[in-house]
Structures are given as C-alpha cells and as structure tokens.
1. Accessible area per residue of the range 135-243 at 1.4 Å probe, in Å²?
2. Using a 1.4 Å probe on the protein heavy atoms, what percent of the accessible area of the range 136-207 belongs to carbon and sulfur?
3. Tell me what the chain gives for mean residue ellipticity at 222 nm when only DSSP H runs of n ≥ 4 count, each as -39,500 (n - 2.57), the sum divided by the residue total, rounded to 500 deg cm²/dmol.
4. Give the Kirkwood hydrodynamic radius (Å, one decimal) of the range 119-243, defined as one over the mean of 1/r across all pairs of different Cα atoms.
5. Could you name the lysines in cross-link range of LYS111, using Cα to Cα under 19 Å and dropping any fewer than eight places away on the same chain?
6. Convex hull over the Cα atoms of the range 176-243, averaged projected area in nm²?
7. With θ taken as phi - 60° and the coefficients 6.51, -1.76 and 1.60, list the Karplus ³J(HN,Hα) couplings across the range 36-47 in order, rounded to whole Hz; mark glycine and proline as x.
8. Taking 20 Å as the cut-off for C-alpha to C-alpha distance, list the pairs among LYS23/LYS242; LYS27/LYS100; LYS23/LYS86 that go past it.
Amino acid sequence: MTMIFAHRGYSASYPENTMKAFKEAEKTGCDGIELDVQLTKDGEVVVIHDEKVDRTTNGSGYVKDFTFKEIRKLDASYQHKMLFKKELIPSLREVLEWMKSNQLICNIELKNGIIPYEGMEEKVISLIREYEMSNRVVISSFNHYSIVYCYRIAPEIETAPLLAEGLYMPWVYAQSIRAKAIHPKHLAASNELIVSAMENGIAVRPYTVNKESDMKRLLDVGCTAFITDDPVRALRVKKQVKK
C-alpha cells in the first residue's frame, strides 16, 4: 500500500516547515511528513528548507548567522494572510516531541550540501535516539557522503539518498551505501525503475508529486510512498485508485 508523505508538512495550504503545517498534515490522515533541517549559529537544529530565511520568513540572512533565540523572533507565516497567528521556525526537538503524540513517519532531509554544517549528523541522530524515534525516521540528503556517515554512526536509522537525475540501477547504488531506500525526483522514476528497485529490496519514495496523473501512476505501480505538497489530494486519488 503506497504511503503518503506531506512535503514540508501540508505545504499546499499552510506555511511550509512549521508546526501548523505538520499538525494540519496529521489531520489529513497521511502516513508521514517530510522536513528539512539546518543549524543555527549556536548549533540548534532548526526546521527550514533554504539556507537563507528570506523566502519563508519576514527576516533576511543566512540561518547559520542567527542564534536560536534570534531566529525564533521571525515570522514563518507572514506570506499566509489567512493565518492570524504568527508561526515560528520550529526546532527539530519540538517536532520530535510532538511526534510522541502520533504515529507518523518523519523524513528528515539534511540540508548540508551547500553549507557543510559541522556536527549536523551527530546532533540529528542524538535527538532521534533521545526521543526513541529510530524506527520512525528516515534520513535523506542530496549530500550522499553525509548519509553514508549517518549509517556508520547510526546503522539502526534508515537512510535514503535523494536523486535529482536518473541513475542507472539505483538499487545497486543504494545497496552499496547501505541505504534501504531511494528518494528520486518523480520525473526520474520510471515504472520499470520503481518495480526493479522494490524487487531488489529498496523502497522508493519519489518527490514532489502534485499532479493527479503522476499520483495515479505511482499508486498503480505500487510505489512504496510518494512525497506531496497536498496530502488531501493524494489521499483522495488513492481512494479512487483503490476502488
């Protein structure tokens, strides 16, 4: 049964990577959430996609130049006028604490391809272990050196390389770096690739799938999961396909 992961939470309707987006995603009945992490100046793991705060908040500058206290003063929902309440940039700790109240799976993407945050892997893994979430978390990244390192220090936590382009026999590559899954761009994930990867014991969770026709294709082929901005649409399509 194909699982549905909410990309940066229910980001089609709510401010991405905020507790509001995650909580609204849970209400839809989806199976998991996807989020991105960076490090603040004082080493706090915070949930935000871009290296800079400019696009998603009312502030400007690099995440790495803010202390946690400073970054918490920013409004991560200022572009969403329908929300009357200010949304803060969450810490990963805050998200994992909330996850104790549900059964969602969490895909944590390490955003360390452009800025090589020192110690990010250890900090993230330490929090996952502290909250006993090792069996409910998948660590992904475009920085494959980073996820190999994660596997070495925490083999009990599933890892998945993110793939922007088509890769020949990606399940062989995944096996070689001890990853249990691949997260390819959906356009680079043909039906044949998905089936072959899964037959070889590698889960496939394409991103970011928002068109109904793409959702139907992945559901028809029995893909492990897919990552979408709109879990409500995905669950509706899933229901139709099941009939």
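1. That works out to 48 Å² per residue.
2. With neighbouring chains kept in place, the figure for the range 136-207 is 57 percent.
3. -9500 deg cm²/dmol
4. Over the range 119-243, the inverse of the mean reciprocal pair distance is 15.2 Å.
5. Once the sequence-local lysines are set aside, what remains near LYS111 is LYS41, LYS52, LYS64, LYS123, LYS185.
6. The Cα convex hull of the range 176-243, projected and averaged over all directions, gives 4.6 nm².
7. Working through the residues one at a time gives 10, 10, 10, 10, 7, 4, 9, x, 7, 7, 10, 9 Hz.
8. LYS23/LYS242
The values are calculated or read from the model by the stated rules, or taken from the named source; none is laboratory data. None of these values were measured; they are calculated from a predicted model. Note: accessible area is taken over every heavy atom of the protein model, side chains too, but ligands, DNA and RNA are not part of it. Shrake-Rupley method; radii C 1.70, N 1.55, O 1.52, S 1.80 Å.
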